[in-house]
Structures are given as C-alpha cells and as structure tokens.
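The next block holds one structure in the form of structure tokens; read it before the comments.
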Amino acid sequence: MIKKYIRSTSDTAIVPEDVRPPPVLRKTMQYLIGEILDSEYPFLEIYLFIRDRARAIRQDFIYQQTCDATSVEVYEQMARFHILAHHLLCDEKNTLYDAHQNMEQLTNCLIPLLEMYDELRWQGNTCLNESEFRSYFILLHLNGSISAELSQWHPDIIHSPDVQLAIQIWTSFDCKNWTKFFSRVSQFEFKLKPHSYLSLCLLAPYLHSMRCHAIHCMNKSHVSFIFQLEFESSQRKEEIYPFIHLQKILNFENEEESKIFCDSLEPES
C-alpha cells in the first residue's frame, strides 16, 4: 500500500516516523511510473492515483528539505508525468480532472526542481537533464516573459541546444512569426531524444492559434487560397493550394488532419 497525500493542518501534523527517506521515495516513484502508469486502467484513473501519491512523495521531500541527485530524479519524473497528463487529458470532460490544478502541480514540481539545479550547481555539481527541464519552463511561458529568469541561468544552460530551441520558439511565438515558429517546432520531430515528445505536449495548446494566425496571413497574400481548398467546386477560381503543402508548413501530422482543420474554419470576407 502506497502512502496517500494528507494535507497538513493543525489537527493532522506530519509525524516524523511516517516520513519516508529519499531512497524509499525514489523506489515508490519508480513503481508508480513503471507499474501503475503502464497498467490497463483508464488513464484518468491512473492519473488521479499517481497525482495523489506524487503529492505525498513531494510532501515527504519538503519535510526533509533534501537537495541531492535522488530528489532531483524523483522531481523530474513527477514533472514529466504532469506534462504527459497535460496533453493526454486536454479534452477530458470528467469533472474529476482539472487542467488548471494539473498545471499547478506541474509548477509545484518544476520550480523546486530548478531551485535544486541552482543549489547543486553552486555546490559544484551538474545535473544531466537540467537543460531539458529549463526548456520546459520556457515552453510553459510562451504567453509570458522569461527574460528575468534567463538572466539568472548559467551560460552553459542558456547555450545548450534544448534551451536555445525553446528560446527560438518563444521568440517566434511572441513575434507571431508563424513560419519560424513551425520550422522550429518541426525540429522536435527529427530529434531522437525522448523528451522531444513532452516538448510537443507542452506546445500542443498553442498550435491551433498559431495555425489560425498563419492562415490569416496567407489569405492576405494568396487571395483567400484557403477557401477553395474546401470550396473547389464553387464559383471561386483561385489557384488550388495543395493540402500536402499545408501539412508540411503548419506541422500537421498528416494530410487528413490539415483537411479537418480547414473544415473548421470560416471563410474570411
């Protein structure tokens, strides 16, 4: 049986004897990710179970105020889990899932993790996955400012490929430069690193708005080309713009997805 999360109050104070040491917390998280996450239960049920137990794990780490390789590893696993859930449950209608609360839990994992990276670097230690999670922080803040945070990061991290790519995506999104945005996003698909998928999970909510912006810009320069895609047999006689091209430049998974997207659009006047 895995320890449940219990909110600490004046009536339910944490009992030191109940606090699990870091090695045990590490094994518990490995079990949750290796066994529970890969089980055959509906993902929402899996998510709710792991979310609760992960909060209890975090609670034990906070009580002990640990900052070492073990705590970093566990926090990284928790952050990856919440990023995955952010994507897989994005269309979930069940009231048991709250996207805002999931992002809150992700932040509760990511911020302490970045602080641990700083502390360990100050001690002379570096963490293998630091650039990966720094890049996640950037992708989580496409609608905000990141300059203050970047100014405090170590130059080695700033110039790492993961962080540089995330910065380029942030910049292109901020400037509404859709061609550069999708060009950079497509680079994740050609990388062999497992965390490229998680980066795409974080970017998924922004793809639709950027695609709409791209279509608006292309309509201005291509004489409403998008509408004869779906109204080819109507009175419009403009040059046809192939779906396969749209798929490539707007980073759709396949031609069919690009057609569905176009069907969802209203013709511009």
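The values are calculated or read from the model by the stated rules, or taken from the named source; none is laboratory data. Just so you know, these numbers come straight off a predicted model, no measurement behind them. Positions of Cβ are generated from backbone atoms using ideal geometry, with glycine treated the same way; all protein chains shown enter the neighbour counts. All accessible areas refer to the heavy atoms of the entire protein, side chains included, with ligands and DNA or RNA removed. Shrake-Rupley method; radii C 1.70, N 1.55, O 1.52, S 1.80 Å.
Observations, loosely collected:
- Counting only protein chain heavy atoms and rolling a 1.4 Å probe, the accessible areas of Val163, Val24 rank, largest first, as Val24, Val163.
- GNM result for the chain, Cα springs below 10 Å: residue of Asn108, Asn94, Asn129 fluctuating most strongly: Asn94
- Counting only protein chain heavy atoms and rolling a 1.4 Å probe, the accessible areas of Trp178, Trp122 rank, largest first, as Trp122, Trp178.
- Computed [θ] at 222 nm, helices only, for the chain once each DSSP H run of length n ≥ 4 contributes -39500 (n - 2.57): -19500 deg cm²/dmol
- Considering only His154, Ser209, Met1, the residue lying farthest towards the positive end of the dipole of the chain is His154, judged by Cα position with unit charges set on Cβ.
- Computed with a 1.4 Å probe over protein heavy atoms only, the accessible area of Thr70 comes to about 40 Å².
- Restricting the trypsin sites (Lys or Arg not before Pro) of region 36-118 to loop positions (DSSP other than H, G, I, E, B) with no more than 15 neighbouring Cβ atoms within 10 Å leaves Lys93.
- Assuming charge only on the beta carbon of Lys and Arg (+1) and of Asp and Glu (-1), the dipole of region 91-206 about its Cα centre is about 460 debye to the nearest 20.
- A dipole drawn for the chain from +1 and -1 charges on Cβ atoms has a positive end, and of Phe133, Phe81, Gly34 the residue lying farthest that way is Phe133.
- Of the DSSP H helices in the chain, those whose Cα atoms cover at least 30 Å axially and whose Kyte score averages 0.0 or more: 195-221
- Assuming charge only on the beta carbon of Lys and Arg (+1) and of Asp and Glu (-1), the dipole of the chain about its Cα centre is about 300 debye to the nearest 20.
- Kirkwood hydrodynamic radius of region 22-138, from inverse mean 1/r over distinct Cα pairs, in Å: 14.7 Å
- For region 27-175, a crude dipole built from +1 on the beta carbon of Lys and Arg and -1 on the beta carbon of Asp and Glu, taken about the Cα centre, is about 140 debye to the nearest 20.
- Relative contact order, percent, the chain [alpha-carbon distance under 8 Å, six or more residues apart]: 12 percent
- When a 1.4 Å probe is rolled over the protein heavy atoms, the share of accessible surface on region 1-117 that falls to carbon and sulfur comes to 52 percent.
- Tyr41 contributes about 150 Å² of solvent-accessible surface, heavy atoms of the protein only, 1.4 Å probe.
- For region 20-139, accessible area per residue (1.4 Å probe, heavy atoms of protein chains only), Å²: 49 Å²
- Mean separation of Cα contacts under 8 Å, 6 or more apart, over the residue count of region 135-207: relative contact order %: 34 percent
- Largest accessible area first, the residues Thr95, Thr28 order themselves as Thr95, Thr28 under a 1.4 Å probe with ligands, DNA and RNA left out.
- Take Leu110: with every protein chain present and a 1.4 Å probe, its accessible area is about 10 Å².
- Among (i) 17.7, 54; (ii) 22.7, 70; (iii) 22.2, 78, the entry derived from the coordinates for Rg and Dmax of the Cα atoms in Å: (iii)
- Cα centroid separation, region 168-183 to region 99-144 (Å): 22 Å
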